[in-house]
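> Once you've had a glance at the structure underneath, I'll fire off some questions.
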Amino acid sequence: MGWLVWTGVIAAGLFALARTQLSFKIWTVMVGVVLFMLGLTGYLAFIPGIVLWGLFLLLMVPLNITSLRQSYLSDPMLDYIRDALPPMSETEKTAIEAGTVWWEAELFCGKPRWDQLLKIPAPELSSEEQDFIDGPVEELCAKLDDWQITHELNDLPPQVWDFLKQQRFFGMIIPKEYGGRGFSAFAHSSVVMKIASRSDSAAVTVMVPNSLGPAELLLHYGTDEQRQYYLPRLARGEEVPCFALTSPVAGSDAGGIPDFGVVCKGEFEGKDVLGLRCTWDKRYITLAPVATVLGLAFKAYDPDHLLGETEDLGITCALIPTGTAGVDIGRRHYPLGAAFQNGPTLGQDVFIPFDWVIGGQQGIGRGWQMLMESLSVGRGISLPSLGAGGGKFTSRMTGAYARVRKQFNLPIGKFEGVEEALARIGGLSYMMDAARQLTAAAIDMGEKPSVVSAIVKYYNTDGLRQVVNDAMDIHGGRGICNGPSNYLAGGYEAVPIAITVEGANILTRSMIIFGQGALRCHPYLVDEIKAASNSDKSAASVTFDGLLFKHLGFTMTNAARALVYGLSGGRLAPKPVAGPVARYYQRLERMSASFAFLADCGLLFLGGALKRKEKLSGRFADALSYMFLCSAALKRFEDQGRPDADLPLVEWVAKYCLYNVQNALDEIMRNFPSLIVGQILRAIIFPLGHKLRYPNDALGHRVASILMQPSAARDRLTEGIFITDNPDDVTGRVEYALHQVIAAEAAEQKLKMAGLQAPAFEETGPWLDEAIAKRVIDAQEAAQVREARKATRAAIMVDDFAPSSHNSRQAKGKAA
């Protein structure tokens with residue numbers, strides 16, 4: 001009987017610890033009361049009682065006595081942290097402190113407040129924004145011919161450039177008071193996404209002026225004079241902007257740029273003024289070949305002390321008209337067949353007055369802060385929207401193609417191997433769009449979510465790569481034969497561009513997401529580091545001791561939460577919603593607690609060295625990211641009213657994300673520096689082993705079916721992209737074929753049952769007249785079959801070229 005009581009006490013204690021966030025002092029009192037009551041009732045035997053009371057009096061009680069705790073725990077730990085922490089440069093501090101923390105911090109702490117997520121308003125377009133998307137954006141998409149853009153002109157057509165400027169596409173983020181459109185982040189995202197479903201080159205051309213560039217920097221840091229002059233001109237398209245940051249020797253290490261400007265006196269408009277003489281060598285700069293105003297990041301120096309005693313003034317940003325003497329633009333890079341304007345820019349001893357520095361003279365040295373704070377917003381919109389748009393487009397086109405393309409008299413989408421790839425396409429597309437929408441909603445709420453921006457940049461571009469690869473596998477020869485009829489090859493070629501820019505994905509995963517997330521999202525870590533950096537040792541000791549005491553309670557709670565939820569498969573975690581997705585919230589809370597506990601252990605054992613353990617850091621990034629992506633999918637499902645037809649999509653994403661979180665945590669423990677500690681952690685986090693599984697075949701079948709059948713679920717999945725069923729359009733002919741094939745299915749079934757099949761090379765010949773004469777089908781049904789087969793042939797055909805022109809960028813193909 002005694003063991004039952006003990007089991008109940010331990011279980012009750014762990015459950016209470018898991019579901020509450022009590023202080024360590026209160027837990028000490030509670031443990032003492034339990035021990036006392038067990039001893040009083042006779043359930044605590046003599047020897048076990050001595051052991052437990054000894055541990056209680058030697059460990060728990062002293063930790064509540066400040067002087068003892070400081071002497072034997074806090075101060076030694078403080079010394080350890082001071083020795084373990086690597087020196088942090090000012091650029092690192094600025095990067096870490098840039099932006100805000102948001103929902104990712106809830107996931108990081110082990111007990112997410114689901115009400116905070118669920119009460120975030122679903123993003124919506126205003127009537128003005130919707131009219132713009134239904135009007136000018138729709139019209140723009142209809143004008144775009146990606147083959148013409150990428151293989152004939154290697155540029156947008158002049159009339160498209162004119163249209164973009166006339167309709168103020170470059171001024172979406174510029175407030176109306178300056179002549180811009182003043183759109184929300186969600187509208188900005190929706191515009192980029194729709195254009196991306198038609199032409200990546202056009203989408204990039206539109207998104208760059210609205211992302212990290214002169215307009216964004218001027219809005220937040222420019223002087224009134226700079227805003228009044230430039231913003232209306234940028235909104236009207238009179239100025240084409242670019243921003244030059246990357247140099248040949250400084251890519252991801254943007255803080256290491258060698259480009260410089262020296263404070264000096266120079267002549268400007270006939271007067272001697274103070275300014276900077278700048279020299280730079282930049283590359284990979286989008287819009288640089290056609291820019292009229294160049295945003296430039298460089299390091300400012302004052303060797304003659306014209307401004308003060310400091311020589312190294314720091315990174316500075318300036319706006320330079322490209323007609324200025326010494327500015328060199330015009331040459332182009334050709335990034336993997338894409339046709340957006342991109343190229344190098346050079347400058348040699350270019351004198352710029354202080355008025356051209358963003359923010360004026362006061363802006364000198366503030367460039368890094370400007371870039372870090374602005375980048376988190378632009379990075380959270382542009383490339384994630386490109387990825388989401390590509391996923392939606394690929395889902396719609398590949399699903400339709402898999403339905404109309406037949407082999408062995410069966411739509412290829414019915415083959416399980418193809419179905420497996422279709423399920424990934426549909427599931428990842430749902431996930432990417434959910435992340436896009438949730439991030440845009442955060443930005444519209446005033447957040448600058450630097451960690452979330454890194455997450456969605458990485459996983460939406462990487463997700464797009466997986467989706468497009470699967471689509472190419474399904475299309476086979478239809479995908480690899482390039483020409484005007486190929487709607488996949490351009491996006492397939494361009495995917496590595498998105499992977500590379502705005503922070504290379506490898507470094508984003510291995511250094512930024514968790515490296516920045518651990519410091520920004522942890523409730524105590526930043527303050528503990530600040531305390532450790534305090535030169536006043538006495539004050540540091542007191543501050544650190546208070547933080548460490550709270551930190552111990554935090555870690556202890558998450559350990560108990562991880563164990564209890566692990567033993568129950570998450571069933572003891574709270575459920576913020578009812579219905580079929582409730583269990584996913586519970587499992588996600590379990591993973592959150594496990595992640596928080598494991599992150600604390602990693603920081604404890606590795607300290608500052610974790611920064612250099614990029615493989616471990618990358619796996620922590622995977623776990624945090626997939627938790628965010630899972631929560632975004634669950635939020636989208638709620639926002640859309642929990643449609644039953646979308647349940648396969650949200651379940652696929654939830655299972656996929658949770659499975660990947662589990663694997664990431666397992667790999668961290670398997671590669672933990674101490675094998676023994678890793679095994680102990682595994683026993684706490686996975687006490688019953690790995691129970692989360694990849695989406696099964698039955699669920700994948702349901703997802704694939706959504707892609708191949710016109711339905712409200714398919715329309716919701718692909719909402720916001722350019723859609724046409726015009727049989728003369730490169731994408732419209734596939735959508736048209738889908739509708740025709742479905743319309744003719746009943747007649748095709750009758751022909752099959754009657755044993756009537758088309759003779760070889762004669763799909764729509766006299767045999768159909770024979771079927772009519774035999775009353776197998778009527779004339780209307782025969783017409784449907786003819787149109788369906790004609791439409792299918794048009795949808796599956798590829799282009800061919802004359803032998804003398806097949807290697808020419810000017811070559812024009814024709815459907816064979």
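Quick note: the coordinates plus some simple rules give every number you see, no bench work behind them. Predicted model only: the values in this text are computed from it and were never measured. Glycine gets a Cβ as well: all are built from the backbone with ideal geometry, and neighbour counts include every protein chain shown.
> What distance in nm separates the two pseudo spin-label positions at residue 67 and residue 752, each 7 Å out from Cα along the beta-carbon direction?
8.8 nm
> Quick query: amide H of residue 295 versus all other amide H atoms, modeled in the peptide plane; which residues come in under 5 Å with a sequence gap of 5 or more or a different chain?
Correct list: 242, 243, 244, 320.
> Sort by residue number and report every cysteine in the chain with no other cysteine beta carbon within a distance under 4.7 Å.
So far as the 4.7 Å Cβ criterion goes, 109, 141, 242, 264, 278, 317, 481, 521, 601 stand without a partner in the chain.
> Still on this structure, I have one more. Loop-only check: which trypsin sites (Lys or Arg not before Pro) in segment 732-793 are DSSP coil with at most 14 other Cβ within 10 angstrom? Display every interim value, and only then the final one.
Working: sites: 733, 750, 752, 774, 775, 786, 789, 790, 793; in loops: 774, 775.
Passing sites in segment 732-793 are 774, 775.
> For q values of 0.16 Å⁻¹, compute log₁₀ I(q)/I(0) with the Debye formula on a Cα-only model of segment 270-309, without solvent.
One equal scatterer on each Cα of segment 270-309 leads to -0.63.
> Now for a separate question. Counting residues in segment 617-685 as N, plug N into 2.2 N^0.38 Å and put the Cα Rg over that result. Could you put the intermediate results ahead of the total?
Numbers: Rg = 15.3 Å, N = 69, 2.2 N^0.38 = 11.0 Å.
Scaled against compact globular proteins, the figure is 1.39.
> Across segment 746-753, in residue order, what do the Karplus-derived ³J(HN,Hα) couplings come to in whole Hz, using 6.51 cos²θ - 1.76 cosθ + 1.60 with θ = phi - 60° and x for Gly and Pro?
4, 5, 4, 5, 4, 4, 5, 5
> Could you tell me which residue out of 681, 291, 186 lies farthest along the dipole of the chain toward its positive end? Charges go on the beta carbon: Lys and Arg +1, Asp and Glu -1, centred on the Cα centre.
681
> Can I ask one more? When the dipole is taken about the Cα centre of the chain, and only Lys, Arg (+1) and Asp, Glu (-1) are charged at their Cβ, what size is it in debye, to the nearest 20? Before the final figure, lay out the partial values.
On the way: 79 positive and 87 negative charges, 558 e Å.
I would put it at about 2680 debye.
> For segment 134-181, what size does the Cα cloud have along each of its three principal axes, sorted from largest down, in whole Å?
Principal-axis extents of the Cα atoms in segment 134-181, largest first: 39, 21, 14 Å.
> While we're looking at this one, here's another question. Could you give me the ³J(HN,Hα) list for segment 212-217, computed from phi with Karplus coefficients 6.51, -1.76, 1.60 and θ = phi - 60°, whole Hz, x at Gly and Pro?
Ordered by residue, 3J(HN,Hα) equals 6, x, x, 4, 4, 5 Hz.
> What translational D, rounded to a whole number of µm²/s, comes out for segment 268-403 from Stokes-Einstein when the hydrodynamic radius is the Kirkwood one over Cα pairs, at 37 °C and 0.692 mPa s?
On the way: Rh = 17.5 Å.
Translational diffusion coefficient: 187 µm²/s.
> Got a sec to turn the phi values of segment 434-450 into Karplus ³J(HN,Hα) couplings, 6.51 cos²θ - 1.76 cosθ + 1.60 with θ = phi - 60°, whole Hz, x for Gly and Pro?
Listing the rounded values in order: 4, 5, 4, 5, 5, 5, 4, 4, 4, 5, 5, 7, x, 6, 10, x, 5 Hz.
> So if each residue of separation counts as 0.36 nm, and I subtract the Cα-Cα distance between residue 139 and residue 238, what length gain in nm does that give? If you can, show how the numbers build up before the last one.
Numbers: separation 99, 0.36 × 99 = 35.64 nm, distance 2.15 nm.
Stretched out fully, the residue 139 to residue 238 stretch lengthens by 33.5 nm.
> Another one. Express the C-alpha Rg of segment 251-322 as a ratio against the empirical globular expectation 2.2 N^0.38 Å, rounded to two decimals. Walk me through the numbers before you get to the answer.
Details: Rg = 13.6 Å, N = 72, 2.2 N^0.38 = 11.2 Å.
In units of the 2.2 N^0.38 Å rule of thumb, it is 1.22.
> Moving on. Sorted from largest down, give the three principal axis spans of the alpha carbons of segment 659-759, whole angstrom values.
69, 37, 26
> Placing one identical point scatterer on every Cα of segment 350-433 and ignoring solvent, what is log10 I(q)/I(0) from the Debye formula at q = 0.10, 0.20, 0.23 Å⁻¹?
-0.50, -0.91, -1.02
> Amide H of residue 247 versus every other amide H placed in the peptide plane: which residues, excluding those fewer than 5 positions away on the same chain, fall under 5 Å?
Here 283 satisfy the definition.
> A follow-up question, please. List the pairs from 611/691; 414/655; 194/790; 176/448; 165/299 whose alpha-carbon separation is above 26 Å, in the order I gave them. If you can, show how the numbers build up before the last one.
On the way: 611/691 31 Å; 414/655 23 Å; 194/790 29 Å; 176/448 22 Å; 165/299 33 Å.
From the list (611/691; 414/655; 194/790; 176/448; 165/299), the Cα-Cα distance tops 26 Å for 611/691; 194/790; 165/299.
> Another question, then. Using +1 at the C-beta of Lys and Arg and -1 at the C-beta of Asp and Glu, which of 399, 704, 231 has the Cα lying farthest in the positive direction of the dipole of the chain?
Among 399, 704, 231, the one farthest towards the positive end of the dipole of the chain is 704.
> In whole Å, what are the extents of segment 402-481 along the principal axes defined by its C-alpha atoms, from largest to smallest?
Per principal axis, max minus min of the Cα coordinates gives 55, 21, 16 Å.
> Dipole of segment 95-244, Cα-centred, from +1 at each Lys and Arg C-beta and -1 at each Asp and Glu C-beta, to the nearest 20 debye?
Roughly 260 debye, rounded to the nearest 20.
> So if I average 1/r over every pair of distinct C-alpha atoms in segment 491-600 and take the inverse, what Kirkwood radius in Å does that give? Walk me through the numbers before you get to the answer.
Numbers: mean 1/r = 0.0585 Å⁻¹.
17.1 Å is the Kirkwood radius here.
> What residues qualify as long-range amide H neighbours of residue 100, i.e. H under 5 Å apart, gap of 5 or more or another chain, H built at 1.01 Å from N?
Amide H to amide H, under 5 Å and 5 or more residues apart or across chains, residue 100 pairs with 448, 450.
> Choose one of 628, 327, 360: the residue whose Cα lies farthest towards the positive end of the charge dipole of the chain (beta-carbon charges +1 Lys, Arg; -1 Asp, Glu; about the Cα centre).
Toward the positive end, the furthest listed residue is 628.
> Along the Cα→Cβ direction, 7 angstrom out, place labels at residue 307 and residue 265. What is the inter-label distance in nm?
1.8 nm
> What size of dipole, in debye to the nearest 20, comes out for segment 339-451 about its Cα centre when the only charges are +1 on Lys and Arg C-beta atoms and -1 on Asp and Glu C-beta atoms?
Values: 11 positive and 9 negative charges, 133 e Å.
Rounded to the nearest 20 debye, it is 640 debye.
> If you take the beta carbon distance between residue 333 and residue 46 as r and set R0 to 56 Å, what does 1/(1 + (r/R0)^6) give as a FRET efficiency, to the nearest 0.05?
E(calc), rounded to 0.05, equals 0.10.
> Could I have the simple spin-label model distance between residue 469 and residue 697, label points 7 Å from Cα toward Cβ, reported in nm to one decimal?
Label at residue 469, label at residue 697, 2.3 nm between them.
> Could you work out [θ]222 nm for the chain from helices alone, using -39500 (n - 2.57) per DSSP H run of at least four and dividing by all its residues? Round to the nearest 500 deg cm²/dmol. Intermediate values should be presented prior to the final figure.
Working: 34 runs with 445 residues, N = 816.
The helix contribution divided over the chain gives -17500 deg cm²/dmol.
> Can I ask one more? Order of 589-597, 490-498, 688-696, 794-802 by packing, highest average Cβ count within 10 Å first?
Numbers: 589-597: 27.0, 490-498: 21.4, 688-696: 12.2, 794-802: 16.9.
Put in order of decreasing packing, that is 589-597, 490-498, 794-802, 688-696.
> Work out, step by step, the length gained on full extension between residue 79 and residue 671: first 0.36 nm times the residue separation, then minus their alpha carbon distance; give nm to one decimal. List each step's numbers first, then the result.
Working: separation 592, 0.36 × 592 = 213.12 nm, distance 2.69 nm.
Answer, rounded to one decimal: 210.4 nm.
> In addition: Using 0.36 nm times the number of residues separating residue 420 and residue 712, minus their current alpha carbon distance, what extension gain do you get? It would help to have the intermediate numbers written out before the result.
Values: separation 292, 0.36 × 292 = 105.12 nm, distance 2.18 nm.
In short, 102.9 nm is gained.
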